Structure formats: structure tokens, C-alpha cells
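Visitor: Here it is, the structure, as C-alpha cells.
Rule-based calculations on the coordinates, nothing more; no lab input. In this text the structure is predicted, and so the values were computed from the model without any measurement. Every residue, glycine as well, gets a Cβ built from its backbone with ideal geometry; the counts of neighbours run over all protein chains shown.
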Amino acid sequence: MKVFCLGAAGRISRESVMDLVQYSDFDTITIGDYNVEEAEKVAQWLDDDRVDVVKADVNDVEATAQLMRGYDVVMDGTQITLNGRSTECIAKAGCSGVNLNGFGEENQWNELFESAGKACVPGFGMTPGVTQMMAMHLSNQLDTVEEVYVSHGAFRPFAFSKSITETTTYEYDPELKSRVVFEDGEFIQVPPFARPREIKLPQPYGDTVQYIIPHSETITLSQALKDKGVRLIEVRGTWPKQNMTLVRGLYDYGILRNPEIQVGNQKVGLMTLIGDYLVNSEEGKKTELYGYSLHVEVAGIKDGVKKRGIIYHTHPASDGSVKDWEGLRAYTKNVGIPLSIAAQLLAQGKVKSSGILIPENAFEPEIIFKELKKRDIFMHEEWWDM
């Protein structure tokens, strides 16, 4: 089997490739990236004869599709703004595919995937991705579902890469229309910092205040749980306290609108300027606590009894006591590993259907949990009557 790892020179996607090296049966693992120099460094770091490197530019769709042809699956680690174009490449190559973000631009290529008998799963990292598996695991134990609360804490620096900086500012863009909740059959747009809720995460993260964010779980879970009568779906997130303080200040002062200012002889977006500073600064690249924490809560009815369940995950410590999980890697491995697992399942044909599939319609939660457990990533579940 062969896997094409698009955009895998990045900090997160290289962890996906590392997971492929450690756990997969692929004979060929190709890193395709525009930054060949960085991709070569990743290949040297991986030190595995199955890994090779090619230059890939998703803006040249035909050339990139040609590079992908003959591969069983494409593991797409490109940034959110490129996912429409990268999915076009995968569809025209006739491969199965999976990416990290899943914001809907992929759907236009559904017919190509279906006609080729291939599947594409947009949005399969920790969140979105594993969070949907957690929500479905709880929901499958209920006769009807009333409320779903998806929460996560992403404990990483504000700007350890340019794409992460873009994600940070994107999620709190004041004009963003995709920041919605699902309530009584409707999607309701909400502003940044809407509907704060206290979420207790496991140690070392502890108590957090989280806000509505524009993640695809709101859309996909409303589809997957329609027959169970779901009434309310809210998706929240948070970052380290200093990150949230900065984002709040940028929002309050209107900087997240990216107003143009005069710098010398040219006009530059103020947020663009700040983002460029942060990604090149020491302060933008470090934080006190690293890692990831998912928390999903579902309320509904089983055998006439109202019940509420929570499921959360834990992973190896980031304090240097566990090899390969030190510092930032505790965050990047959490995001990268599920992408690798999904790519392996797609290549093995362990997917429910063909075409563009939401995670809920692609994989069984228990299969994902079993694979995560092999990597010392564990699920913890609690139930009580209401």
C-alpha cells in the first residue's frame, strides 16, 4: 500500500507521518510539500527507507493530482485555506483522502469520489474528528439525544507556525458567519466569546472557561443525530490563559477585523502585522503548559430515564517524563495521530461508504478508541441519572 502525505513538512503533519512509520503497513510513504527543504529534514528525522519526498503545489491541480495517482490514500495536512484546492487534487487523482479541518469546501467534489468508489473524510484530527467519535459513542447508548456539548482545551503557543496563527485569528474573526450553535432545528450565528461555560478538564489543565468556536462538529453532529431528536449542539474551545487574554484584547480593540494602517509607503493589515510579529517572536512560540484535552457531554433518554454522560481523554505527560511527548509535541502528536489512524483505515477499506463522508458516517468510534489506546491515549467515561 502507498500513502501520499500532502503538506507533511508542517509541525503537526510530521507527527502524522511519524505515526505511519511506527504503526502502519504502508510500503511507500511519500511526503509531498511545497517546501522541499523542510520536507527533506522531516524525512531525515523519520529515518525510514519507506519515506521519500516530492515537491507538491496544490495551486497546480493537474500536476499535483498526477503525483498522487496510484496511491491508496492521501493524508492531507495542508492549512485550512487550501483544503478546497487540495481536495480537488485528491478527487482528480482518484484516491481516498482525509484532512484535518473539514469546513465544507470539500463537498463540491463528492461526485468524483463516489464515481471512483473512493471516500474522503474532511476534518479528522482531535477536534474535529475524535470529538465526533466521542459524541457518537455516548449518543449510541441513548434512545434519544437532547443536548450535546463538545469542548476542548488546546494548550499550545499562540503562533508556533503561520498556519496556527491563521487558525487562532480565524476562530475569533468578528465577521465569521460559521460560528454557530444548533438550537431547535436552526443554526444560530453568535459573536466571538459567546455563551461562556465552565468546563472541568483533567489535571494538569483543571477548570477552564470556554466559548463557542466555529468547528464543523456543530454541522456534522446535527446531521448524524437528527433521527435521535437532538435539540442543542454547542462546540467550545480554549487556549492557554495568556493566549485567551491576548485574543480578547485584540477583539475588544477591533484589531481582529484586520484594519489597514499605513506603514511607510504601503498599507498593511494590523492583525497581519501582529501575526507576523508573533510567529517570529520568542513570546509567540512558547507557553507554560502543553497538551490537549477533549471533553464531550451528552444528555438524553434511555428506557424512559433522563441520563447525562461525559467522556474525556488523557495522554502522556508533556513534562519530559515520556519520550516523544515533550513540550509542544504533546500538542502536535494529539492532533497528528488521529489523521494517521484515519488514513490507515481508509487504505484498509475500513470505512462505511464512498464519497465525502462526515466522521460520524465514516468510522466506528470503538475502532478509533482502540487505535488511540495503542498510543497511550485513553478515553474515560462517566454516566449519571438526571
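Visitor: For segment 2-122, what relative contact order do you get, as a whole percent, if you take Cα pairs closer than 8 Å and at least 6 residues apart?
Guide: Numbers: 224 pairs, mean separation 28.0, N = 121.
Answer for segment 2-122 is 23 percent.
Visitor: Quick check: from the Cα gyration tensor, does segment 171-305 come out rounded (a/c under 1.5), prolate or oblate?
Guide: It is oblate, given that a/c is not under 1.5 and a/b is not larger than b/c.
Visitor: So for the pair ARG231, ASP60, with labels modelled 7 Å out along Cα→Cβ, what separation do we get in nm?
Guide: Rounded to a tenth, the inter-label distance reads 5.6 nm.
Visitor: Please list, in order, the residues from segment 150-164 whose amide nitrogen is less than 19 Å from a point placed 7 Å along the Cα→Cβ vector of ILE188.
Guide: Only 150-151 pass the distance filter.
Visitor: Please compare each pair in LYS306/LYS373; LYS92/LYS267; LYS200/LYS370 to a cut-off of 28 Å on the Cα-Cα distance and tell me which ones are over it.
Guide: LYS306/LYS373; LYS92/LYS267
Visitor: Highest first, please rank the peptides 365-376, 292-303 by the mean number of other Cβ atoms sitting within 10 Å of their residues.
Guide: Packing proxy ranking, top to bottom: 292-303, 365-376.
Visitor: Quick one: which residues, 5+ away or cross-chain, put their amide H under 5 Å from the amide H of VAL53? H built at 1.01 Å from N.
Guide: HN-HN under 5 Å from VAL53: ILE31.
Visitor: So what are the ³J(HN,Hα) numbers for segment 29-43, from phi and the Karplus equation (6.51, -1.76, 1.60; θ = phi - 60°), rounded to whole Hz, Gly and Pro as x?
Guide: Here the 3J(HN,Hα) series is 10, 9, 8, x, 8, 5, 8, 5, 4, 5, 4, 5, 5, 5, 4 Hz.
Visitor: Now for a different question. For the chain, calculate the relative contact order in percent as a whole number, restricting contacts to Cα pairs under 8 Å that are 6 or more residues apart.
Guide: Numbers: 819 pairs, mean separation 79.6, N = 386.
Relative contact order, the chain: 21 percent.
Visitor: Please label the shape of segment 305-386 as rounded, prolate or oblate, based on the square roots a ≥ b ≥ c of the eigenvalues of the alpha-carbon gyration tensor (a/c under 1.5 means rounded; beyond that, a/b larger than b/c means prolate, else oblate).
Guide: Oblate is the answer for segment 305-386, as a/c is 1.5 or above yet b/c matches or exceeds a/b.
Visitor: For the chain, just say rounded, prolate or oblate: build the C-alpha gyration tensor, square-root its eigenvalues into a ≥ b ≥ c, call rounded for a/c under 1.5, and beyond that prolate if a/b exceeds b/c, oblate if not. Walk me through the numbers on the way to the answer.
Guide: Working: a/c = 1.39, a/b = 1.08, b/c = 1.28.
Judged from the Cα gyration tensor, the chain comes out rounded (a/c under 1.5).
Visitor: Here's something else I'd like to know. For the chain, give the share of DSSP beta bridges that are antiparallel, in percent and rounded to the nearest 5; count only bridges with both residues there.
Guide: Approximately 60 percent, going by the DSSP bridge assignments.
Visitor: For each of LYS286, LYS323, count neighbouring Cβ atoms within 10 Å of the residue's Cβ, then give the residues from fewest to most.
Guide: Working: LYS286 15, LYS323 8.
Arranged by neighbour count, lowest to highest, LYS286, LYS323 become LYS323, LYS286.
Visitor: Moving to a separate point now. Using the Kirkwood formula over every pair of different C-alpha atoms, what hydrodynamic radius in Å results for segment 2-122?
Guide: Numbers: mean 1/r = 0.0717 Å⁻¹.
Evaluated on segment 2-122, it is 14.0 Å.
Visitor: Let me ask another. Past 26 Å, Cα to Cα, is the threshold; run LYS162/LYS286; LYS302/LYS350; LYS285/LYS323; LYS2/LYS333; LYS286/LYS333 against it and keep the listed order.
Guide: LYS302/LYS350
Visitor: Then there's this: Please get the size of the charge dipole for the chain, origin at its Cα centre, with Cβ charges of +1 on Lys and Arg and -1 on Asp and Glu, quoted in debye to the nearest 20.
Guide: On the way: 40 positive and 56 negative charges, 88 e Å.
Charge dipole of the chain: 420 debye, to the nearest 20.
Visitor: Leaving out same-chain residues fewer than 8 places away, which lysines sit with a Cα under 17 Å from that of LYS41?
Guide: LYS55
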